[in-house]
Structures are given as structure tokens and as C-alpha cells.
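Participant: Dropping a structure here in C-alpha cells format, bear with me for questions.
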Amino acid sequence: MAEFEGLQGLVEDVLIRILAHCDVLNVLAIGATSKYFHHLAFSRNVWLTLVTKLAQWRFIDRRPDENMYDLSTEQLVDQVKRALHGPKTWSPPSRESRHLLQKGVDSLVWKSPATSNPTPLPVESRCIILHLDVPRDPWGPGIPFCMSEPKLLQGENYILQHWGTLECWNVFEDKLVWKHTCSMDNATVLMFAAELTDDDKLVILTCQHTWDHARTNFVEVTTLDLLTGFTSLVLVSRLPNSPQADPYRSCAVRGHIAAVELDGQVTLINWRTSSCVAILTGNSLSHIALAANCLVLTLLSPRGELQLACSPLPSPVSWAPIDSVRASSSRITVKDLPIIFADTISLNGRTFTRGEPFLAVHESPVDPGRFRVWLHLESDQMGILSSYEFVARETAVSWHRRSSVPVSSNIGPAGVSFSGHVLSWRSEIFPPVPLVKEATAPCIPLETGGGLVHLSPYSGAVTYSTVKSLDVVYYD
């Protein structure tokens, strides 16, 4: 009997080790097959390994002083729930929320409390304050603090702060790590995008404009080693000049590809091979995102309807070497793209006339290669928030629309998280739709004059500037 129990313990130990090498969805699927496997699937060692991997992939934020070995199994599972559904106090629990995930993952849905408030009140758990070297005085030099743009990078250890120039700050050390210097005189950074690599390097795309008579548009790609502080200007690429003071519409960087949209043209840049291609879209309302070697973009039809399209990157034969003096001469049109998905969003006969579309693309923390797309657009009288999901595997890409629902015409999203929480320009958090169609929007209390706000896609952290600080607020 003792030998059998010893053998059973050995088998369980091996199975737990095997489960720890699976992803979250596979662990949950195995745990749903029997009580025995459910016991193994929810052992602490399995979830410690799963959450540690998600933290390494920066889907879960981890403070330098935080030791995951101190967390219980329930606390580890809660870390994954937060990445999938946002902070618990942001949304009233819903029986339908389990349908956001695949069958067998009810364990990752926030449970209803004994007394549930239909209107959730965000509960602040902690606030990290970074003390800036130069106060953002609304009447001082540079861009007023209320117009500065922060972005908390995935993993949440670093912030990029844009206020005419661009700075990188270490969140937990309250320290300036890097400050951008333009390669051309009289130039200003107008827009930026960045991506963290697996080896703790930051790839930064800056879209710039000169204020001299030439009104030159150009982009730079810079790499920053966050461990050593070493920086390298990888390339400078000219874009078509324009008389507008703010010609850029959107930009993105993923892997070795950067994308910039301005004046009805999307320029794709391979910063490793120093090559690029320009895609003529024919309108100035294109917005872009990059995901899994695909370009996701919005297009305005002649009838005033907005289209969402996805295409693999253009063939290498279309690309040409980058010229730091002249804009790319290699041009194709949207019709030349191998578009694999397109959907037209209708505003019930109304014309898309108000503001600009908002596009966000986030990868699933628990299913690599599966992406969630959020698209918001408005007319004079209504708004539409559409959600899509696409899966990019080695051999194929599949798409489907998840939802498309009317929303308030004055939301004006400043951000949409993976869970579907919408941060409005008025700093209100709207619960995910269509799960909560008529919920009152709980207001996140920001210091007066917080200005532009950044919503982290997985943790729900909110980052904003004040007169003398840069604040990062987390919620339970």
C-alpha cells in the first residue's frame, strides 16, 4: 500500500510538471475532464508557473519587490482574471461574461458577491507617483501638462512620456532613463509608438515634423536597451511633406515592421532591412494597427461608410530601400493588397462625420495568436462600438465579428482594454458591451487637469500627467 501511494505521488508530481508546461486554456480544459484532473490543474505549482510565464510575456504586471511565491492559488488565478476581464470593481459580474472565453474556463470569470451593486464603483488599490524634472506648467515652455501624452508600456515597469519631446521613465525607481533628441533641427515629435522585445530592448518609432519653411515630415526608429541605457538610432526615413501642423493620423510598430499613416498614405517600414513601401489609401481617415504580420486598417468608402480590412504585409518585391533625404518612390494602392477580411460598419444611413475612428488591437493573454479588435466610430447622433476576433496561425488567418452595438455619441474613446472596458475622453470607464448595455458609467476620479490619459490593455492601470507629476493608478 505504501509503495502504491508513493507511486501515485510520483505520477501526480509528473502530471503537475506536464501541466505547468501547458498554456492556460489547455490546463483548464484538462481540469474540466474529471475531479482528479481538476485537483491537479488547480495546484499552486501549476498556476505559479503559468502566471510567471504570463508576467515574462508582460501580460501581467509585476513589481520588482513583488514575489509571486508569496501568492496563494486563488491570488494567482485572480492575476489571470484581471488580464482577461479588467479590475474586478470595474464591471458588474455577468453570467454572460463566460462566453467571452472558450468552453470550460468558468474559473476565470469574476464571481458575483453576495450583495452586488448594479453600478460598480472603481476601488483604487495603489497609486505610483513619478516626480518629473520639469513641472508641466500650463503657462510655461513646451506643451502644457494637460496635453502631454503618457503611455505605460506592457509589463508596466516603464513609461514613455510625450510632451513635445519624448522621455522614458522607470516607474518603480522614479527615474528618467532616456530622452529623445531629434536628428533634424527645428523638429518636434508629434506621435510615437513603441514595443518591448523579449531581451528588454525598446523599439521606439517617432513621427516628427519640422517647423521651418520646408515643413519636413520624417520618422525615426530608435532602440533603447533598458538594462544598460544604451541607445541606437537605427534609421531615419523621409515622408511626404505637408502644410498641416499635425499631419499624422496613426502609427504602430510590431517586430521589425513600423507603420505610419498621414495624408491618405500608409507607409510600411522594415527597420531591419531599411526598406519601405507606401500604400495609397485614397482618404485621410485611415487608422492602422499591426498584428501577426498583418496590417489592420480602416478605410472610408465613397458612400461615407467605414470599412475594417486586414491584409498580410505586401510582397517583398514591392519594397524599396529607404532614403533619408527623399520620400519613398515605391507605391501601391489598397487594391494591390491581398486583403483577407473586410467588413463595412453601417451607421443606419447616417454618414460618418464626427471625429476620427478609434482602432485598438490586443493579443489574448491565454491564447497566443488570437487577437481582439475594437473599432469605434461616430456620426452626429450616434456611435458604434464593434468588436472582432481573428486568429493567426502558421497556415491561415480566420476572422469573425463578435459584436456591433450602439453606444453614446460622446464617448470619444481614449482607450479600449482587451476586456472591452472603454476609457472616454472625460475619464469615465464604460463597462464592456454588449454584456452591459445600459450600465451607468462609473467615473474614475482623476486630479483636475489630468489631460490625456492612457489605459493599460490588460491590468486596467490608468496613467496621466498632473502639473508636477506622472501618476499611475491601479484598481482592485
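The values are calculated or read from the model by the stated rules, or taken from the named source; none is laboratory data. Keep in mind the model is a prediction, meaning the values are calculated, not measured. As a convention, Cβ positions derive from the backbone with ideal geometry for all residues, glycine included, and neighbour counts pool all protein chains shown.
Participant: Is it fair to say residue 259 is at pLDDT 95 or above, surrounded by 15 or more Cβ atoms within 10 Å (Cβ to Cβ) and of a type in the set (Gly, Ala, Ser)?
Facilitator: Here the answer is yes, as residue 259 does meet what is asked.
Participant: Which one is farthest from residue 452 (Cα to Cα) among residues in region 153-194 that are acidic (Asp, Glu) and surrounded by fewer than 19 Cβ atoms within 10 Å (Cβ to Cβ)?
Facilitator: Within region 153-194, the match that is farthest from residue 452 (Cα to Cα) is 185.
Participant: For residue 104, work out the one condition from (1) at pLDDT 60 or above; (2) more than 27 Å from residue 429 (Cα to Cα) it doesn't fulfil.
Facilitator: Of everything listed in (1) at pLDDT 60 or above; (2) more than 27 Å from residue 429 (Cα to Cα), residue 104 misses just condition (1).
Participant: Taking the criterion of being of a type outside the set (Asp, Glu), exposed (fewer than 13 other Cβ atoms within 10 Å of the Cβ), within 27 Å of the chain's Cα centre (by Cα) and at pLDDT 85 or above, would at least one residue in region 310-322 satisfy it?
Facilitator: Yes, region 310-322 has at least one match.
Participant: Residue check, residue 198 against (1) free of Cβ contacts under 8 Å to residues at least 12 places away in the same chain; (2) over 25 Å from residue 58 (Cα atoms), all met but one. Which one?
Facilitator: (2)
Participant: Having 1 or more residues that are at positive phi and among the small types (Gly, Ala, Ser) is the bar; report the strands (runs of 3 or more DSSP E) wholly within region 232-344 that clear it.
Facilitator: Where strands (runs of 3 or more DSSP E) fall fully within region 232-344, none carries at least 1 residues being at positive phi and among the small types (Gly, Ala, Ser).
Participant: Something else: For region 379-397, how many residues are modelled with pLDDT of 90 or more and surrounded by fewer than 18 Cβ atoms within 10 Å (Cβ to Cβ)?
Facilitator: 2
Participant: Here are 231, 206: which of them is under 30 Å from residue 55 (Cα atoms), polar (S, T, N, Q), in contact with a strand residue (DSSP E or B) (Cβ under 8 Å, 6 or more places away or on another chain) and surrounded by fewer than 20 Cβ atoms within 10 Å (Cβ to Cβ)?
Facilitator: 231
Participant: Under 7 Å between Cβ atoms, which residue pairs at least 6 apart in sequence (or on different chains) link something in region 454-468 that is without any contact (Cβ under 8 Å) to a residue 60 or more places away in the chain with a partner that is crowded, with 23+ Cβ neighbours inside 10 Å and outside any strand (DSSP E or B)?
Facilitator: Partner pairs satisfying both residue conditions: 455/417.
Participant: Of all residues in region 41-67, which are polar (S, T, N, Q), touching a helix residue (DSSP H, G or I) at 6+ places or on another chain (Cβ under 9 Å) and part of a helix (DSSP H, G or I)?
Facilitator: Correct list: 45, 49, 52.
Participant: Inside region 240-295, can you point out the residues that are over 18 Å from residue 312 (Cα atoms) and acidic (Asp, Glu)?
Facilitator: 246, 263
Participant: Right, here's the next one. Of these, 349, 355, which one is surrounded by fewer than 20 Cβ atoms within 10 Å (Cβ to Cβ), among the small types (Gly, Ala, Ser), in a loop (DSSP other than H, G, I, E, B) and at pLDDT below 80?
Facilitator: The match here is 349.
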